[in-house]
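Structure provided below as structure tokens; questions to follow.
The values are calculated or read from the model by the stated rules, or taken from the named source; none is laboratory data. These numbers were taken from a predicted model, which means no experiment stands behind them. Quick reminder, even Gly has a Cβ in these numbers, built from the backbone with ideal geometry, and neighbours come from all protein chains shown. Keep in mind that these areas ignore ligands, DNA and RNA; they rest on the heavy atoms of the full protein, side chains included. Shrake-Rupley method; radii C 1.70, N 1.55, O 1.52, S 1.80 Å.
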Amino acid sequence: MSNRPYIVGNWKMNGTRAMLSEARTIDRAAQRYMKVEVAVAPPFTLIHAVHKEAEQIGVGAQDCHPGEDGAHTGDISATMVSDAGAKFVILGHSERRQNHGEDSAMVLAKLHAALNAGINAIICCGEPEDVRVAGDAEKYVLDQLRASLPEKLDDAGERLTVAYEPIWAIGTGRVATVEDIEAMHGAIYAFLKARFGEEAAQGIRILYGGSVKPENAREILAVPHVGGALVGGASLSADSFMNIALAAGEIEEQ
Ligand code: PEP
């Protein structure tokens with residue numbers, strides 16, 4: 001199991017080949033931060049090109065289809081992203097759940113497809129603001145995970161990562177409080193331990209996502225059970241992204 005902090009950039013629908021120089025800069029910088037596992041998930045169109053640039057960083061996809069192949073116009077399978085160089089896939093991001101009507105059963109089907117294709121998965125969860133205000137965030141997130149994850153794992157958890165991303169914090173500049181992050185990550189860890197056993201739960205890193213920036217990364221990454229960050233906007237610049245990785249590395253050294 002790797003227990004290095006895991007800093008993952010989600011480029012979303014951003015990036016043309018002009019972004020390859022940024023990927024190269026991220027990769028070269030990551031070679032100096034070996035205590036941190038750094039990865040980026042570019043759009044499908046750049047996976048292969050970023051993979052060819054990458055000596056150090058992991059490269060992933062932002063989604064995959066649950067099927068292996070067939071008549072699914074416009075879709076991309078887990079085998080295809082693997083063939084392009086992806087080593088993992090982000091599944092169940094709130095933008096997929098909202099914009100494409102993906103429910104947790106679909107996320108679970110995609111997870112099976114990813115694991116069968118030999119790639120790892122980052123499963124996203126997170127509550128909308130009204131649920132947080134009503135005091136139901138923990139139940140909402142654990143219900144999502146209960147339905148998005150399998151009953152059993154075939155390994156010690158190292159192929160799975162969970163990302164907790166409160167929806168109201170994504171791209172808004174608002175961040176959950178340290179107390180709320182600690183409570184939620186603790187609850188997710190307890191759920192994973194009950195579901196998969198202690199050894200596997202310890203192998204599953206739980207990332208925080210939602211407006212993580214160089215300025216707030218240190219505080220967030222120091223919270224118990226925060227195993228890294230899923231970073232959207234701030235991952236589009238090598239400078240800000242690698243400053244987040246630097247914060248993770250400094251915490252690791254303490
Ligand atoms: C995300 O969408 O995964 C994300 C965390 O975005 P941002 O960092 O921009 O809030």
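Assess whether Ala248 counts as being within 14 Å of the ligand (Cβ to nearest atom) and either open to solvent by less than 30 Å² (accessible area, probe 1.4 Å) or within 28 Å of Leu115 (Cβ to Cβ) (or both). Outline the logic, then answer.
Working: within 14 Å of the ligand (Cβ to nearest atom): no; either open to solvent by less than 30 Å² (accessible area, probe 1.4 Å) or within 28 Å of Leu115 (Cβ to Cβ) (or both): yes.
Answer is no for this residue.
Let me confirm something: among Thr172, Thr161, which residue is within 16 Å of the ligand (Cβ to nearest atom) and in contact with a Ser or Thr (Cβ under 9 Å, 6 or more places away or on another chain)? Before you say what the answer is, go through the steps one by one.
Numbers: Thr161 fails: in contact with a Ser or Thr (Cβ under 9 Å, 6 or more places away or on another chain).
Only one candidate qualifies: Thr172.
Criterion first (more than 16 Å from the ligand (Cβ to nearest atom) and under 18 Å from the mean Cα position of the chain (by Cα)) does Ile119 satisfy it? Don't jump to the end; show me each part of the working.
On the way: more than 16 Å from the ligand (Cβ to nearest atom): yes; under 18 Å from the mean Cα position of the chain (by Cα): yes.
So Ile119 passes the test.
Name the single residue that is surrounded by the fewest Cβ atoms within 10 Å (Cβ to Cβ) among those in the range 204-233 being in contact (Cβ under 8 Å) with a residue 60 or more places away in the chain and touching a helix residue (DSSP H, G or I) at 6+ places or on another chain (Cβ under 9 Å). Steps first, answer last, please.
Residues of the range 204-233 in contact (Cβ under 8 Å) with a residue 60 or more places away in the chain: 205, 207, 209-210, 221, 227-233.
Next cut, touching a helix residue (DSSP H, G or I) at 6+ places or on another chain (Cβ under 9 Å) only: 209-210, 221, 227-229, 231, 233.
Working: Gly209: 25, Gly210: 26, Leu221: 25, Gly227: 23, Gly228: 28, Ala229: 29, Val231: 26, Gly233: 20.
Selected residue: Gly233.
Could you check, for the range 96-105, whether at least one of its residues is more than 18 Å from the chain's Cα centre (by Cα), farther than 24 Å from Ala147 by Cα and part of a helix (DSSP H, G or I)?
no
Here's another thing I want to ask about it. Quick check on Met1: is it within 16 Å of the ligand (Cβ to nearest atom) and either surrounded by fewer than 16 Cβ atoms within 10 Å (Cβ to Cβ) or modelled with pLDDT under 95 (or both)?
On the way: within 16 Å of the ligand (Cβ to nearest atom): no; either surrounded by fewer than 16 Cβ atoms within 10 Å (Cβ to Cβ) or modelled with pLDDT under 95 (or both): yes.
So Met1 does not fit the description; no.
Would it be correct to say that His225 is within 16 Å of the ligand (Cβ to nearest atom) and within 19 Å of Arg146 (Cβ to Cβ)? Write out each step before concluding.
Working: within 16 Å of the ligand (Cβ to nearest atom): no; within 19 Å of Arg146 (Cβ to Cβ): yes.
Criteria not met by His225.
Considering only the range 84-136, state which residues are acidic (Asp, Glu) and either buried (at least 16 other Cβ atoms within 10 Å of the Cβ) or within 18 Å of Gly209 (Cα to Cα) (or both). Show your work before the answer.
Pass one, the range 84-136, residues acidic (Asp, Glu): 95, 102-103, 127, 129-130, 136.
Scanning the range 84-136 gives Glu95, Glu102, Glu127, Glu129.
Do you know which residues across the range 13-52 are surrounded by fewer than 19 Cβ atoms within 10 Å (Cβ to Cβ) and charged (D, E, K, R)?
Within the range 13-52, Arg17, Arg24, Arg28, Arg32, Lys35, Lys52 meet the criteria.
Moving on. Might you check whether a residue that is farther than 23 Å from Gly58 by Cα, buried (at least 20 other Cβ atoms within 10 Å of the Cβ), over 18 Å from the mean Cα position of the chain (by Cα) and of a type outside the set (Lys, Arg) occurs anywhere in the range 137-155?
Looking for residues that are farther than 23 Å from Gly58 by Cα, buried (at least 20 other Cβ atoms within 10 Å of the Cβ), over 18 Å from the mean Cα position of the chain (by Cα) and of a type outside the set (Lys, Arg), one finds at least one in the range 137-155, hence yes.
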